[in-house]
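First up is the structure itself, then whatever we jot down about it.
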Amino acid sequence: MRTVAFHWSGGKDSALALTALLDDPDVVVDRLVTTVHREGGTSTVHEIPDDLLQAQADSIGLPLQIVAIPGPGLDGYVEAMDAAATRMRREGIDAFAFGDLSASGVLDHKREQFQPLGIDVLEPLWGLSSGECVERFLASGIRAVTVVVDAAVLGPQALGLPLDRAFFAGLPAGADPCGELGEFHSFSHDGPLFRRPVDFELTAPRRFEQEIGTTDGARTFAYWLSTPRARR
């Protein structure tokens, strides 16, 4: 029996991977772990406010551990996660699970980061193609909407769209069906994983730029964002 912490982003792949773990009789999911910017209190990448992350966790029925990232972007991410993983190992966690697909190519990197700390890495979706992941997501009943899109691929009109078959069919040619190249990110809010729907609304679209390290060096990417927030 594995005692697992699950890295929760709040999006569709996280929800799908967590569903697979909860269905695994050899796994006990002890907690969700999410990373947020210390300044602003929103999650890295998806920009989900910490109160909505907590609302997701409450609806799922698992405790949420928030790991604060001190710098902008992902500055300080590795150090903060190493410290959190060290504490989790002392608390009996023996594996850290993620919702990555094979296309992301991150498994070796995560093993190099966490295995020296005594924590194995689990990837429930590993081995699925993006197309297979989309079909599994559609069959799962999980409901999610777009909250971030790459401005070079999709416009602001793509924000807030439900991730249904029409959305995936309408992606531009060359876009990864699961958004594995950063084409879009999502917010999961309802479905069999949740005990009750997470009530939210989206802010008006805004454009922002972010510098991201790539194999070719740092590049600046532009995005459209509609931040989910608790409905007022």
Report task. Determine which member of the set Ala57, Ala20, Ala15, Ala5 is part of a helix (DSSP H, G or I) and over 24 Å from Leu225 (Cα atoms). Result -> Ala20
Requested in this report: Please go through region 193-210 and pick out each residue that is at pLDDT 95 or above, under 22 Å from Trp224 (Cα atoms) and among the hydrophobic types (A, V, I, L, M, F, W, C).
Outcome: Phe200, Leu202, Ala204
Query - Meets criteria (among the aliphatic types (A, V, I, L, M) and closer than 28 Å to Asp75 by Cα) for Leu202 - result: yes
Requested in this report: Would you check which residues across region 120-151 are under 13 Å from Ser14 (Cα atoms) and either touching a strand residue (DSSP E or B) at 6+ places or on another chain (Cβ under 9 Å) or hydroxyl-bearing (Ser, Thr, Tyr) (or both) and list them?
Outcome: Leu122, Glu123, Pro124, Phe137, Ser140, Ile142, Arg143, Ala144
Report summary line: Exception for Pro192 within (1) more than 19 Å from the chain's Cα centre (by Cα); (2) under 28 Å from Arg232 (Cα atoms); (3) of a type outside the set (Asp, Glu) falls at (1)
Query raised in the report: When you go through (1) closer than 25 Å to Gly61 by Cβ; (2) in contact (Cβ under 8 Å) with a residue 40 or more places away in the chain one by one for Gly131, which number turns out not to apply?
Result: (1)
Query raised in the report: Looking at region 126-232, what strands (runs of 3 or more DSSP E) fall wholly within it and have at least 3 residues that are in contact with a Ser or Thr (Cβ under 7 Å, 6 or more places away or on another chain) and either β-branched (Val, Ile, Thr) or over 22 Å from Ser43 (Cβ atoms) (or both)?
Result: 143-150
Report summary line: Flagged in region 26-77 as over 16 Å from the mean Cα position of the chain (by Cα) and hydroxyl-bearing (Ser, Thr, Tyr), in numbering order, are Ser59
Query raised in the report: Mind checking which pairs have a first residue in region 14-38 that is assigned by TED's automatic domain parsing to the domain that holds Asp50 and a second that is surrounded by fewer than 17 Cβ atoms within 10 Å (Cβ to Cβ) and basic (Lys, Arg), Cβ under 9 Å, 6 or more apart or different chains?
Result: Leu16/Arg136; Ala20/Arg136; Asp24/Arg2; Asp26/Arg2; Val27/Arg2; Val28/Arg2
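Which residues, counting only those in region 74-104, are among the β-branched types (Val, Ile, Thr) and either touching a Leu at 6+ places or on another chain (Cβ under 7 Å) or free of Cβ contacts under 8 Å to residues at least 12 places away in the same chain (or both)?
Hit for region 74-104 is Thr86, nothing else.
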Query - When residues of region 101-125 are limited to those that are of a type in the set (Asp, Glu) and part of a helix (DSSP H, G or I), the one modelled with the highest pLDDT - result: Glu112
Query raised in the report: For Ser43, are the conditions met, namely being surrounded by 17 or more Cβ atoms within 10 Å (Cβ to Cβ), of a type outside the set (A, V, I, L, M, F, W, C), at pLDDT 90 or above and in the same structural domain as Asp94 (by TED's automatic domain parsing)?
Result: no
Query - Among (1) of a type in the set (A, V, I, L, M); (2) in contact with a strand residue (DSSP E or B) (Cβ under 6 Å, 6 or more places away or on another chain); (3) over 27 Å from Val106 (Cα atoms) - the single one Leu225 does not satisfy - result: (3)
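The values are calculated or read from the model by the stated rules, or taken from the named source; none is laboratory data. Just so it is clear, the structure is predicted and the values come from calculations on it, not from any experiment. Note that we place each Cβ from the backbone using ideal geometry, even for glycine, and neighbour counts take in every protein chain shown.
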